[in-house]
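S.K.: Would you mind keeping the following structure in view while I ask a few things?
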Amino acid sequence: MKLGIQVVLWIASIFFAYKIYDSVSGPIRFNQVKNERYAKVIDRMKDIRTAQIAHKDVKGVFSNNFDSLIKFIDDGIFTLVEKRDSSYLEYDRTYRIDMLKEVVVIDTLGFVSVKDSLFKNTDRYKNIAYIPVEGAEDKKFQIKAEIINKNGYKVPVFEVKVAKNIILFDQDADLLKQENETVSVDGVNGSEIILGSLSNVSTNGNWPTIFDAKRE
């Protein structure tokens, strides 16, 4: 009987020790996985931002779907220009004298493909629409683009986002719930990672600067 009680106590002590260990190590493992996946997702969103800014520079608006954005990268052309100040004399009929006119002269220097300019030596942009997380590779970012009225001006804006639930789909439910409720200066606030805005003129993301390190 005593041996049986000892075995039960021994098993119970191991169980409680494991629970204590898991309560400490679980959040650590969660944060490691979270930070690794967030870094991959944000790197891809930076590529989206680069492509969207180029799209606006060339076409005047942001793309509202990934198919057209990828096609733009494949086929788009940047015009290389040089701007220089110049001036000339022009006869003024009012004052009846030659008056100096100052102008900006724009010279076309050449052309370069968007793909070579932005993504040379890599075709990673081909998968720009998809979440770069193992087990969620078939999921896509949500993308929208609109023209909004800002202080009387029509301004193009865009937004790209993905839910944390998709990125951390296989992680502890309680820890994921806490992450979705994050409000912190050094965290990604809210339940989504978001690039841009449909209500403000912005191409920034809602992630902290720690994720803005240059891609190696």
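The values are calculated or read from the model by the stated rules, or taken from the named source; none is laboratory data. Note that this is a predicted model, so its numbers are computed, not measured. Positions of Cβ are generated from backbone atoms using ideal geometry, with glycine treated the same way; all protein chains shown enter the neighbour counts.
S.K.: Look through 114, 157 and report the one residue that is in contact with a strand residue (DSSP E or B) (Cβ under 9 Å, 6 or more places away or on another chain) and under 18 Å from residue 71 (Cβ atoms).
M.R.: Within the list 114, 157, the selection yields 114.
S.K.: Of all the strands (runs of 3 or more DSSP E) wholly in the range 135-196, which have at least 2 residues that are β-branched (Val, Ile, Thr) and closer than 21 Å to residue 44 by Cβ? Can you show your working first?
M.R.: Working: elements: 142-150, 153-163, 192-196.
Here the list reads 153-163, 192-196.
S.K.: Among (1) within 13 Å of residue 38 (Cβ to Cβ); (2) out of contact with any Leu (no Cβ under 9 Å at 6 or more places or on another chain); (3) in contact (Cβ under 8 Å) with a residue 40 or more places away in the chain, there is one condition residue 166 misses while meeting the rest; what is its number?
M.R.: (3)
S.K.: If only one of 56, 40, 19 is closer than 21 Å to residue 201 by Cβ and either at pLDDT 95 or above or among the basic types (Lys, Arg) (or both), which one is it?
M.R.: 56
S.K.: Might you check whether a residue that is of a type in the set (Ser, Thr, Tyr) and buried (at least 18 other Cβ atoms within 10 Å of the Cβ) occurs anywhere in the range 189-200?
M.R.: Keep residues of the range 189-200 that are of a type in the set (Ser, Thr, Tyr), which gives 191, 197, 199.
Subset that is buried (at least 18 other Cβ atoms within 10 Å of the Cβ): none.
No, because not a single residue in the range 189-200 is of a type in the set (Ser, Thr, Tyr) and buried (at least 18 other Cβ atoms within 10 Å of the Cβ).
S.K.: Can you pull out every residue in the range 53-102 that is small (Gly, Ala, Ser) and without any contact (Cβ under 8 Å) to a residue 60 or more places away in the chain?
M.R.: 68, 76, 86, 87
S.K.: All but one of (1) over 18 Å from the mean Cα position of the chain (by Cα); (2) at pLDDT below 95 hold for residue 171, so report the exception by its number.
M.R.: (2)
S.K.: Next up: Looking only at the range 81-99, which residues are under 24 Å from residue 57 (Cβ atoms) and either at pLDDT 75 or above or not in a strand (DSSP E or B) (or both)? Lay out the reasoning, then the answer.
M.R.: To start, the set of residues in the range 81-99 that are under 24 Å from residue 57 (Cβ atoms) comprises 81-85.
The answer is 85, and nothing else.
S.K.: Out of the range 137-163, which residues are closer than 16 Å to residue 35 by Cα and buried (at least 19 other Cβ atoms within 10 Å of the Cβ)?
M.R.: Of the residues in the range 137-163, the ones closer than 16 Å to residue 35 by Cα are 162-163.
Matches in the range 137-163: 162 only.
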